[in-house]
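The values are calculated or read from the model by the stated rules, or taken from the named source; none is laboratory data. Note that the structure is predicted; figures quoted are calculated from it, not measured. Here the Cβ positions follow ideal geometry from the backbone for every residue, glycine too, while neighbour counts run over all protein chains shown.
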Amino acid sequence: MKVRLPVRETILNRRTYEAPAEGRSGKLRLDFNENTAGCSPAVRRALAKLTTKQLAMYPEYQAPTERMARYFGIRPEELLLTNGGDDALRVFFDTFVESGGRILICQPT
């Protein structure tokens with residue numbers, strides 16, 4: 001069964017968000033969900049193995065998307081990898097929930 005979710009008209013016409021690039025140093029930038037404690041030693045070791053070129057590139061999602069789709073038995077176009085939970089929620093709500101629309105959520109435990 002193929003399910004099609006209706007994409008909001010506003011998402012089809014929206015402008016791309018651009019984060020402020022300057023004037024934020026020396027501040028706790030909590031609005032961007034940045035880690036205020038720094039990298040763990042394991043992350044620092046993993047980063048040390050990367051080349052300068054690898055560190056400068058945005059991640060490529062095609063290969064991991066295809067591997068995960070095979071694992072879950074779905075088509076790659078049915079899977080969307082995001083840069084964390086906040087990004088996933090933003091993409092979902094921006095795409096499928098109209099301004100003023102109603103949603104149902106569970107009470108946090």
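Odds and ends about this structure:
- In segment 51-93, the residues that are modelled with pLDDT of 90 or more and of a type in the set (D, E): E66, E77, E78
- Spans of helices (runs of 4 or more DSSP H) in segment 1-108 with at least 3 residues in contact with a Pro (Cβ under 6 Å, 6 or more places away or on another chain) and either free of Cβ contacts under 8 Å to residues at least 40 places away in the same chain or of a type in the set (G, A, S) (or both): 62-72
- Any hit, segment 96-106, residues being loosely packed, with under 11 Cβ neighbours inside 10 Å, among the hydroxyl-bearing types (S, T, Y) and within 30 Å of E9 (Cα to Cα): yes
- Selection status of E18, modelled with pLDDT under 85, under 30 Å from G100 (Cα atoms) and within 19 Å of the chain's Cα centre (by Cα): yes
- Scanning segment 44-74 for residues that are of a type in the set (K, R) and surrounded by fewer than 10 Cβ atoms within 10 Å (Cβ to Cβ) returns K49, K53.
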